[in-house]
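One structure is given below, encoded as structure tokens.
The values are calculated or read from the model by the stated rules, or taken from the named source; none is laboratory data. Because the structure is a prediction, the values reported are computed rather than measured. Because the Cβ atoms are built from the backbone with ideal geometry, glycine has one as well, and the counts that use them run over all protein chains shown. Accessible surface areas use protein heavy atoms only, side chains included; no ligands, DNA or RNA. Shrake-Rupley method; radii C 1.70, N 1.55, O 1.52, S 1.80 Å.
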Amino acid sequence: MIRVFAPAGGPIDRWVGEAPRQPSAGERLVLVCAPGEVEARRAEYPDAAVVACLPLSPGDDRIAAGAFDHVAVRADAYATTQAGLYEALELAALEDRAARARGALRLTWLGSLGAPAPLHVGPVGRAYPLDEPMLIGRDAGCAVVLRTGAHSDQNTVARRHARVEFEPAGVRVRDLRSTNGTWVNGSRVNDRLIAPGAELAFACTFRFRLDGAAG
């Protein structure tokens with residue numbers, strides 16, 4: 001089941017109407033709403049999965065006005081384009097949420113908020129194993145490549161933006177002096193120990209969750 005909270009006739013409403021329906025074990029409620037409505041809808045439907053969307057027009061490759069006002073929004077997946085919304089709906093509807101806390105430590109890609117998805121990051125829900133120190137940036141040599149265009153002025157992520165690695169005390173995320181910052185659960189950080197379940201955003205926009213069992 002997909003319940004939509006979006007302006008009738010708007011792009012999100014139209015996109016969800018066109019979204020392929022995926023089979024699932026039992027009924028799953030997926031809320032599709034504007035970022036400012038997420039917390040209210042989550043309180044109203046505490047067991048629902050949530051997809052946060054910004055109402056961009058298809059093909060819009062610019063940062064949406066106001067996108068940076070929503071860096072603290074929490075959701076199961078994020079989408080700003082029709083294709084991204086389909087991926088987010090599938091993840092939210094079919095994911096075994098209990099499995100987030102099992103297995104090896106990994107970063108799970110949740111999608112982008114207010115910008116096109118990077119060229120090489122893969123579909124929403126892709127896991128990046130944290131089995132060695134991980135560099136994140138737009139450089140092709142990074143473990144997670146967040147490049148959105150051929151030239152530096154087409155990207156908000158630095159060449160070597162951040163480093164994530166396991167330590168005995170937890171997982172440490174370090175910003176590598178990037179211009180647009182590294183964020184953990186909505187707060188900008190330079191050097192922070194994090195635990196599974198934390199959400200990371202690079203340049204405010206590209207969002208991941210730390211999954212797995214520590215230790």
Anything in the range 79-124 that is more than 15 Å from A52 (Cα to Cα) and either of a type in the set (V, I, T) or in contact with a strand residue (DSSP E or B) (Cβ under 7 Å, 6 or more places away or on another chain) (or both)? List them, or say none. R100, A104, L105, R106, L107, T108, P118, H120, V121, G122
How do the pairs read when you match residues in the range 178-197 that are at pLDDT 90 or above and acidic (D, E) with residues anywhere that are surrounded by 13 or more Cβ atoms within 10 Å (Cβ to Cβ) and in a strand (DSSP E or B), using Cβ under 6 Å and keeping only pairs 6 or more apart or on different chains? D191/R174
Residue check, R147 against (1) at pLDDT below 85; (2) touching a strand residue (DSSP E or B) at 6+ places or on another chain (Cβ under 7 Å), all met but one. Which one? (2)
Name the residues in the range 85-104 that are in contact with an Asp or Glu (Cβ under 9 Å, 6 or more places away or on another chain), open to solvent by less than 60 Å² (accessible area, probe 1.4 Å) and not charged (D, E, K, R), would you? A88, L91, A92, A99, G103
Restricting attention to the range 61-75, which residues are surrounded by 15 or more Cβ atoms within 10 Å (Cβ to Cβ) and either more than 13 Å from the chain's Cα centre (by Cα) or at pLDDT 85 or above (or both)? I63, A64, A67
Report whether or not V51 is open to solvent by less than 30 Å² (accessible area, probe 1.4 Å) and modelled with pLDDT under 65. no
Can you find a residue in the range 134-144 that is in a strand (DSSP E or B) and farther than 28 Å from V50 by Cβ? yes
What number of residues in the range 163-196 are surrounded by 13 or more Cβ atoms within 10 Å (Cβ to Cβ), touching a strand residue (DSSP E or B) at 6+ places or on another chain (Cβ under 7 Å), of a type in the set (G, A, S) and under 23 Å from A75 (Cβ atoms)? 1
